[in-house]
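See below for the structure under consideration.
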Amino acid sequence: MRAIRNDSFGIGLRSEHINDIRDEPKYSELDFLELAPDNWMGIDGLKREFLEDISQKYSLVAHGLSLSIGDTCPINREYLYQVKHFIERYNIAIYSDHLCYSRDKQGYLYDLLPVPRYKENIDYLVARIDEVQDILQQIIVLENITWYYKYPNEMPEIDFWVELLDKSKCNMLLDINNVYVNSLNHGYDAYEYIKNIPSDRISYYHIAGHLKTDDFILDTHGTDVHANVLALAKDVFLYHGAKPLILERDNNIPQLDDLLEELRVIKQFVNNLKMS
């Protein structure tokens, strides 16, 4: 497996940037790339050649979309064996997905829906995490998602996460923007949330932009990172230390140079924390 250092910074690999990332010399400010294996598994032809070339220059992280760890259907073992082959082929050390469900008996829902945070659901999730890790033969990393619906009498989100991490062998992908968005939408203290996560169970960070409306904040990944999210990132780095960080941008995709400039700003911000 190709390791990624804790002081590494990266972006999500998007189709708009593939030609530049493949054809240009390695960008000094770009340490690694995150991609969705769902969009790349089973490909052939020119697209596969592009990925082969890119993987020679950059370490890759696989960030899945279809694990649906929290649903009530049997684990999709065929899908996981495809993921296993993919991460082995491209020497990928980190495979992540979301703590959510995204399918029912009719098929995939194409949305990330929150798992009901009930104590009795934790052992169910632990068993499914064990099954996934037995297939992949590596630790999986689950991301905290944004959520807009609350089930009755749920555990607080951070309490659910802490108990899940305590009982399972998975790690966490800490999305800093998602913590901020949820804290405002649902009225909890974002700093109290992050300081309760065990540092040694965080594999890497996400940071992204959002859209504020009159009524709530929408997690869009379609804008520059907000100053308040950067301020929370400061607390995250000071409390948990350096971890690999991905700048996400899923829509309103800027030119690669503009995205890398934003990554430089974030990197300088983090490096200044280390000096102070």
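Amide H contacts under 5 Å for Ile11: Phe32, Glu34, Leu247, restricted to partners 5 or more places along the chain or on a different chain, H placed in the peptide plane at 1.01 Å from N.
With the cut-off at under 14 Å, measuring from each backbone N in the stretch 88-102 to a point 7 Å along the Cα-to-Cβ line of Glu52 picks out 89-90. Expressed to the nearest 5 percent, the antiparallel share of DSSP beta bridges inside the chain is 15 percent.
For the stretch 106-186, the set of chymotrypsin sites (Phe, Trp or Tyr not before Pro) satisfying both a DSSP loop assignment and a count of at most 16 other C-beta atoms within 10 Å is given as Tyr118, Tyr148, Tyr149. Oblate is the label for the stretch 9-275, because the ratio a/c of its alpha-carbon gyration tensor axes (a ≥ b ≥ c) is 1.5 or higher and a/b is not greater than b/c.
Mean separation of Cα pairs under 8 Å and 6+ residues apart, divided by the residue count of the stretch 9-275: what relative contact order is that in percent? Spell out each step's value before the answer.
Details: 428 pairs, mean separation 45.9, N = 267.
Once normalised by length, the contact order is 17 percent.
Can you sort Thr72, Thr220, Thr146, Thr213 by how many other beta carbons sit within 10 Å, fewest first?
Details: Thr72 10, Thr220 17, Thr146 20, Thr213 7.
If I rank by nearby Cβ atoms, fewest first, I get Thr213, Thr72, Thr220, Thr146.
On full extension, the segment bounded by Glu120 and Tyr151 gains 9.8 nm, given 0.36 nm per residue less the C-alpha separation.
Once backbone amide H atoms are built at 1.01 Å from N, Ile202 has Met172 as its partners under 5 Å, excluding neighbours fewer than 5 places away on the same chain.
Rounded to the nearest 500, the helix-only mean residue ellipticity at 222 nm of the chain stands at -12500 deg cm²/dmol, with each DSSP H run of n ≥ 4 adding -39,500 (n - 2.57).
In the chain, which helices (entire DSSP H runs) extend 24 Å or more along their own long axis, judged by Cα positions, while averaging at least -1.0 on the Kyte-Doolittle scale?
Numbers: long enough: 119-136 (26 Å, -0.16); 256-275 (28 Å, -0.01).
Span-like helices, by this rule, are 119-136, 256-275.
Amide H to amide H distances under 5 Å link Tyr101 with Gly70, Leu113, Val115, where only residues 5 or more positions off or on other chains count and H is placed in the peptide plane. Rounded to 0.05, the FRET efficiency of the Arg77 and Asp111 pair, given R0 = 30 Å and the Cβ-Cβ distance, is 0.85. Straightening the chain between Ile18 and Ser199 buys 61.8 nm, computed as 0.36 nm per residue apart minus the Cα-Cα spacing.
Taking the fewest neighbouring Cβ atoms within 10 Å as the starting point, the ordered list for Arg14, Arg201 is Arg14, Arg201. For a straight C-alpha distance cut-off of 18 angstrom, the lysines reachable from Lys26 (same-chain residues fewer than eight places away being disregarded) are Lys57, Lys267.
How big is the antiparallel share of DSSP beta bridges in the stretch 1-141, given as a percent to the nearest 5? Present the calculation step by step, with values, prior to reporting the outcome.
Values: 3 of 15 bridges.
In the stretch 1-141, DSSP labels about 20 percent of beta bridges as antiparallel.
The numbers here are math on the coordinates, done by the rules we state, and not lab data. This structure is a prediction, so every number in the text was calculated from the model and none was measured. No Cβ is skipped: glycine too gets one built from the backbone with ideal geometry, and neighbour counts run over all protein chains shown.
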